[in-house]
1. Hey, can you rank 375-382, 418-425 by average C-beta count inside 10 Å, highest first?
2. Can you order the peptides 430-441, 386-397 by their average number of other Cβ atoms within 10 Å per residue, highest first?
3. What nm distance separates the two modelled labels at Arg348 and Thr323, each placed 7 Å from Cα along Cα→Cβ?
4. Let me check against my output: what whole-number percent is the relative contact order of the stretch 274-511, with C-alpha pairs under 8 Å and at least 6 apart?
5. Kindly rank 97-104, 354-361 from highest to lowest mean number of other beta carbons found within 10 Å of each residue.
6. Using 26 Å as the Cα-Cα cut-off, could you pick out the over-long pairs in Lys104/Lys490; Lys234/Lys487; Lys57/Lys377; Lys166/Lys234?
7. The stretch 387-406 to the stretch 28-80: how many Å between their Cα centroids?
8. Can you report the principal axis dimensions of the stretch 23-223 using only the alpha carbons, biggest first, rounded to whole angstrom?
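Values in this text are rule-based calculations from the coordinates and carry no lab data. On a predicted model such as this, the values are computed, not experimentally measured, just so you know. Note that each Cβ is placed from the backbone with ideal geometry, even for glycine, and that neighbours are counted across all protein chains shown.
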Amino acid sequence: MENKQQSNGEMKENKAVKKKVNWSVSLIVASLTGAFGSSFLYGYNLSVVNAPAVYIKKFYNETWERRYGFSVDESTLTLLWSITVSIFAIGGLVGAIIVTPIVKFFGRKCTLLLNNVFAVSAALLMSLSLLAGSFEMLILGRIIMGVDAGISLSALPMYLSEISPKEIRGSLGQVTAIFICIGVFTGQVLGLPEIFGQESQWPYLFGAIIVPSLIQVVILPFLPESPRYLLLEKHNTSKAEKAFQTFLGKDDVSHEIEEVLAESRVQRNTKLVSILQLLRTRAVRWQVITVVVTMGCYQLCGINAIWYYTNNIFSEAGINHETIPYVTLSTGAVETLAAVFSGLVIERLGRRPLLIGGFGLMVVFFAVLTVSLTLQKTVHWLPYLSIFCILAIIASFCIGPGGIPFVLTGEFFQQSQRPAAFMVAGTVNWLSNFAVGLLFPFIQSGLQTYCFLVFAAICFAGATYLFFVLPETKNKTFHEISQAFAKRNKVSLEMQEMNHYPEERKSSAEQESNFTSSVDNGETKKGIV
């Protein structure tokens, strides 16, 4: 009895230690540094064009008049501005398409580092556009910045999902969303009239992009590459073991390496899968559909319309023009707090309730916002209800839909399929982003206050789909998640395991033999058998 109690005590102690070492210093630094130079810049560039919009349009008009001798007409100016805002998404689409070969060849960490070339180039073009008297430089810079965002929004979640233990995979994955929100908030703060929100100062808003890039370039090289990438794609057991030890903060990583090898035994091969192969694989059909739906709803739910055109929305709500920048600041604060809250509770509540609940709440608040905007001239306090609804929509988005789609894309697919899956997700993400940025001004013009009902319908459709299709993935391995989808994909688990491209297979016996050989040659050190 005494031995049993002692054994139970040791087990509890081991669990406590395990939980303690999950959040190592290296893991925290890697996630924060990776996100600061990546998803932070995506969020920053979503909001940074909002505050100086009047001054940038004036710059466009003055440049046009200097070149052609007459002022640009209102419709052309609106088109130029819509292109400036939405062209960011076209660059993002290009980045999402080219990311697969880049992460395969250079690895996840090196891709994040090389991506800073795009960020710095874009920052220089945009910040010098006023001095050069060329609005084309600003538009070109937005495209290049979009390429940076397209690469980082695939490479960063991939990197975070591969360096984190499954017990905290959701919380670490939410770092992407948290830094998007912090980026949006920072763009709003720097855009205040007291800082860079002035006619002569707005280029500094774009020049500031260089700072996060330089910080990432200085810190990230000292952190390891993804251990899963090193083990499964580079077959470098020694470096993979050292990377696991660094990120987990412990010497014995035999369990983690065996877990990764177990996945490799299921998938039988680590050759990169093409998009066409991924789409043809029945075993992941519903995973792909779910990623497409969640990523589509992530952009089409209307949150980017609010981020891009917050000033106009608040103006329509009857807010005084001088007050708008400070009211807009509250949206960034709310979304940051909501994203942090989501990161804290995701491993307790799970992905499913946060995602479905977030979309559900957005439906409610979009409906109330529509009523409020429609009747705001009849009741004096309704503009304040409009502000509350906008803040509530942002909070609802950030507690679930704002970050979980990136987490799910990393969790649904095995190592060889993950880059192709992120390319599919990224393509849907950026095409939807471009559509909203380009079409929302016209939708708003045509439907007036009823425009948000379109977004409410999209949120409702997304929530309904996820309610019936999405399984909970919290604390589950790829194998367990595949099992949850097996029935819907109409394949048995055995058939699922046999369905991964037999022409390219590497037998599990051969992989285990190679691994055992590496142990015998002294490449690994402790406890790996």
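1. Numbers: 375-382: 11.6, 418-425: 24.4.
Highest mean packing first, the order is 418-425, 375-382.
2. On the way: 430-441: 21.0, 386-397: 22.9.
Descending mean neighbour count gives 386-397, 430-441.
3. If labels sit at Arg348 and Thr323, their model points lie 3.6 nm apart.
4. Working: 265 pairs, mean separation 87.3, N = 238.
Contact order relative to length: 37 percent.
5. Working: 97-104: 19.1, 354-361: 22.5.
So the peptides 97-104, 354-361, ranked by packing, come out 354-361, 97-104.
6. In this structure, Lys104/Lys490; Lys234/Lys487; Lys57/Lys377 exceed 26 Å between Cα atoms.
7. 24
8. Taking max minus min along each principal axis of the Cα atoms, the stretch 23-223 gives 62, 37, 26 Å.
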